[in-house]
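The values are calculated or read from the model by the stated rules, or taken from the named source; none is laboratory data. These figures come from a predicted structure and were not determined experimentally. Note: ideal-geometry Cβ built from the backbone for every residue, glycine included; neighbour counts use all protein chains shown.
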Amino acid sequence: MSSKQAVSAQQLSDDELTAAMLASEEALSREYARIVDLVGEFDKRSLAPAKGYRNTSVFLVNALRLSYKEARARVAHAKLAMPIAKTALASGKINREHLQEIERVLSRAPESLPDTELAAGEDALVTLARQASPFTVRKSGAGFRSYWDVEIKDPKTREKELARPRRTFSYNVTSDGLMEFSGVFDPETSTLVAGVLAPLSKPDPADEIGKPDRRTKDERQGDAVAAVFDLAARAPDMPISASERTTMTVTVGLDELERRAGVAMLADHQAVSVSQLLKMCCDARVVPAVLGTAGQVLHLGQPAELASPAQLAALAIRDRGCSRPGCTRGPKWCAPQQMTRWIAEHGPVELNDLALVCERDRHLLHHTDWEIQASENRIEWVPPAWLDPERTPISNTAHDPPHHSAA
């Protein structure tokens with residue numbers, strides 16, 4: 001450290017401040033390398049038990065007042081057999097996060113990988129770490145591991161594994177109707193799934209009053225998964241009756257449907273509110289059933305289709321995607337939503353009574369005070385009074401093409 005008295009950050013010029021920050025970061029890395037070296041020697045001499053502690057990590061927690069997580073990380077870094085990375089850390093050219101990511105890659109290398117290739121990989125990752133962030137090192141490291149897996153494995157073994165890729169998916173439906181699931185996908189499927197979910201789970205742009213998307217990352221990804229399944233369920237070539245979403249026999253009273261009051265029971269004995277039932281009926285085939293006072297079936301009608309293929313095509317042209325203001329979901333992520341009539345009414349559904357709405361925004365229509373209506377040539381959403389006391393209808397312009405001025 002320079003003998004010159006340290007000058008406060010506020011007194012430095014812009015260039016001096018930048019240089020001081022870079023120098024301090026290098027010094028921090030060098031000091032961490034020194035700490036790791038000391039911890040390694042302390043652990044090698046087994047000094048912790050002599051001082052009354054079970055191991056080196058416990059000693060660090062008590063003597064240095066570290067968290068267990070930090071203490072274990074320092075011991076783990078001390079034991080790393082990565083001379084190139086440790087030398088770079090000691091020189092201040094990479095930081096401890098770089099060291100962690102490089103260790104993550106090398107520790108997962110195939111056991112049969114020759115030492116020369118392992119060293120070459122370490123050198124390449126350290127070179128990258130000198131000019132990139134730890135996140136970039138992690139992404140590049142994933143490519144290293146993929147390459148090693150292909151290069152080292154016996155071709156027959158590799159092809160056998162590719163013939164039956166590792167894909168597991170387990171789920172359990174809880175007593176309250178929630179689904180819990182876990183699974184593992186092979187790299188090819190993982191890339192496909194990530195490519196589908198990434199754009200769907202991006203935060204929404206700020207709403208009409210400037211509030212950002214309040215969903216957490218997990219909530220956004222959950223909505224993305226729901227949207228994918230919603231799209232798959234409407235695919236015409238899905239097995240069984242998935243392309244119809246479901247066939248519903250509605251046995252709840254029509255007055256309850258109109259008032260959105262009461263409780264309905266599904267075929268699996270799961271209870272749902274009438275507002276939930278209405279949402280489920282949005283794009284289902286509904287069979288109206290008339291019951292007598294004793295519950296006997298007096299009449300069972302024909303399934304009512306919500307929208308014809310031609311109407312779906314027309315909706316895609318007219319709405320261009322979800323009609324909710326600010327939503328950018330395209331037509332394939334949307335289903336037709338009926339606006340003014342209940343599905344049990346007789347006669348075909350007219351195009352001007354339908355609007356495209358994505359899976360997530362259907363929740364707004366069925367469980368909040370948002371309403372939807374048709375204007376002369378586009379769909380309008382009516383905001384709740386708490387958002388706009390005047391409840392001025394607004395239309396989605398997210399799908400509109402740019403306007404070009406006349407030459």
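Would you mind telling me which numbered condition in (1) assigned to a helix (DSSP H, G or I); (2) modelled with pLDDT of 85 or more ARG362 fails?
Against the list (1) assigned to a helix (DSSP H, G or I); (2) modelled with pLDDT of 85 or more, ARG362 comes up short only on (2).
Can you pull out the residues in the range 44-53 that are more than 17 Å from LYS79 (Cβ to Cβ) and touching a helix residue (DSSP H, G or I) at 6+ places or on another chain (Cβ under 7 Å)?
Narrowing the range 44-53 to residues more than 17 Å from LYS79 (Cβ to Cβ): 49-53.
Once the filter is applied, which keeps residues that are more than 17 Å from LYS79 (Cβ to Cβ) and touching a helix residue (DSSP H, G or I) at 6+ places or on another chain (Cβ under 7 Å), the range 44-53 yields LYS51, TYR53.
So which residues in the range 28-62 are over 25 Å from LYS93 (Cα atoms) and of a type in the set (Gly, Ala, Ser)?
SER46, ALA48, ALA50, GLY52, SER57
When you check ASP204 against the structure, is it closer than 30 Å to ALA385 by Cβ, at pLDDT 80 or above and outside any loop (DSSP other than H, G, I, E, B), yes or no?
No, not satisfied.
Determine whether the range 120-127 contains at least one residue that is of a type outside the set (Asp, Glu), within 25 Å of ALA27 (Cβ to Cβ) and without any contact (Cβ under 8 Å) to a residue 24 or more places away in the chain.
Yes; the residues of the range 120-127 include at least one that is of a type outside the set (Asp, Glu), within 25 Å of ALA27 (Cβ to Cβ) and without any contact (Cβ under 8 Å) to a residue 24 or more places away in the chain.
In the set VAL228, VAL173, VAL184, which member is modelled with pLDDT of 85 or more and under 30 Å from ALA120 (Cβ atoms)?
Unique residue meeting the criteria: VAL184.
May I ask you to verify whether ALA294 is on the phi < 0 side of the Ramachandran plot and either at pLDDT below 80 or outside the structural domain of ALA224 (by TED's automatic domain parsing) (or both)?
Yes: the conditions hold for ALA294.
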